[in-house]
Amino acid sequence: MLELSAWVKKNWKLLFIMMIAVVSRGVLLGEIPCGVHADEAFAGYEAYSLLKYGTDSWGYKAPVYLTTWGSGMSALESYLMIPFIRFGGLNLVTVRIPQMIMGVISVLVVYLLYNKITNHKKGLWAAVMIAICPWHIMMSRWGLDANLAPAFILLAMYFAVLGLSKEKYLIISALFWGLSLYCYALMWLFVPLFLFFSLIYCIKYHKVKLSKYTISATTLLLLVAAPLLLFVAVNIGLLPEIKSSYISIPRLVQFRGDELSGVHILANIRDLVRIYLK
C-alpha cells in the first residue's frame, strides 16, 4: 500500500494527464460527435453480423477484409467491437469504445516513447500535447476503421525502440506492425517502406543483429501479413476467391488498389500543395 502511494505521488502528473485523456475521449461518447458516420455504422453492423450470424453482411466467415458496399473496408475495427457489442448491445457507445480505448492508450504510449528516447519531462509534455490535441480527441471518439492506424503504429514503434536494447520486444513490435495493416489500406504502402528504411538505419549503425528474436519477429510479421497478401492477389486476379470455415478472402466488387498507385499519390500531393497555397 505504501509502495502504491509512493508511486502515485511520484507519477501524479502523468495520472492527471491520463485523466484528461479519459474524460475528453470518453464523456458523452455516444452523443459527441452527434449522429453516426456511414463508415462507423457499417463497421458496427458488420461486427454485429459476425457476432450473431458468424459471417459478415456478404456471408463471408472470418473475412480478412470487409466487402461492405462492394469496395471494401478494413476489418480490425469491427473485430474489436464484437466483445463490447456482445455485452452492451449494438449502439454508438459500443461501436466507438474500441477507438476511444486505443486513443487513451496512445496518450500513455506517447509518454512512454518520449520518456524512453528523451526524458521524463519531455515525455509528460508530449503526452499533454496529444491529450489535449483536438484532432486526436476527435479521432478517438469516432468509430472509423482508419482511425485505429495511428495507435497501432505508435505501439509498434514503441516496442521497436524497446527492442533495440532488449530484442524480445521486437516480436511484440512485429505483431503490432502486422495488425496495423488491418487498420487502413494506406498502411500497406507505409509499413513496408518505413520498415525498409528503418532496417537500413539499424544495419548501418549496428542496432540489430541476426538472432532468434529478429528471425521470430520477421516470421510473425509475414504470417500476420500473409492473409492480406492473399487478399491483394485475389483482387488483382492472380488467385480465385478463398472461402473456408476458418477464414475468407473475398473478391471485392470494386478493388480500390489504384488508390495506392504512384499516379494517385502524386495527385494527392498536388491537391495538398494547392490547398496550402490557396
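A short reminder: the numbers here are calculations on the coordinates, not readings from a lab. Keep in mind it's a predicted model, so treat the numbers as computed, not measured. FYI the Cβ positions are ideal-geometry reconstructions off the backbone, even for glycines, and counts take in every protein chain you see.
Residue by residue, here is whether (1) of a type in the set (S, T, N, Q); (2) part of a helix (DSSP H, G or I); (3) out of contact with any Gly (no Cβ under 9 Å at 6 or more places or on another chain) holds:
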{"residue": "Thr68", "(1), (2), (3)": "yes, no, yes"}
{"residue": "Ile85", "(1), (2), (3)": "no, yes, no"}
{"residue": "Leu90", "(1), (2), (3)": "no, no, no"}
{"residue": "Val95", "(1), (2), (3)": "no, yes, no"}
{"residue": "Ile105", "(1), (2), (3)": "no, yes, yes"}
{"residue": "Tyr111", "(1), (2), (3)": "no, yes, no"}
Which of (1) of a type in the set (Val, Ile, Thr); (2) touching a residue at least 40 places away in the same chain (Cβ under 8 Å); (3) touching a Pro at 6+ places or on another chain (Cβ under 8 Å) is the odd one out, the single condition Val234 does not satisfy?
(2)
Could you say which residue among Leu92, Leu162 is in contact (Cβ under 8 Å) with a residue 24 or more places away in the chain, out of contact with any Asp or Glu (no Cβ under 7 Å at 6 or more places or on another chain) and under 17 Å from Gly30 (Cα atoms)?
Leu92
Can you go through Leu170, Leu144, Leu175, Leu154 and tell me which one is farther than 24 Å from Gly72 by Cβ, surrounded by 18 or more Cβ atoms within 10 Å (Cβ to Cβ) and either without any contact (Cβ under 8 Å) to a residue 24 or more places away in the chain or under 15 Å from the mean Cα position of the chain (by Cα) (or both)?
Leu154
Report yes if some residue within region 189-202 is touching a helix residue (DSSP H, G or I) at 6+ places or on another chain (Cβ under 6 Å) and not in a helix (DSSP H, G or I); otherwise report no.
no
Matching residues in region 143-188 - criterion: being under 21 Å from Leu230 (Cβ atoms) and not in a helix (DSSP H, G or I)
Leu181, Tyr182, Cys183, Tyr184, Ala185, Leu186
Kindly indicate which of Glu40, Glu77 is in contact with a Gly (Cβ under 6 Å, 6 or more places away or on another chain), within 30 Å of Gln254 (Cβ to Cβ) and of a type outside the set (A, V, I, L, M, F, W, C).
Glu40
I'd like to check which helices (runs of 4 or more DSSP H) are fully inside region 1-61 and have at least 3 residues that are closer than 22 Å to His136 by Cβ.
12-26, 38-53
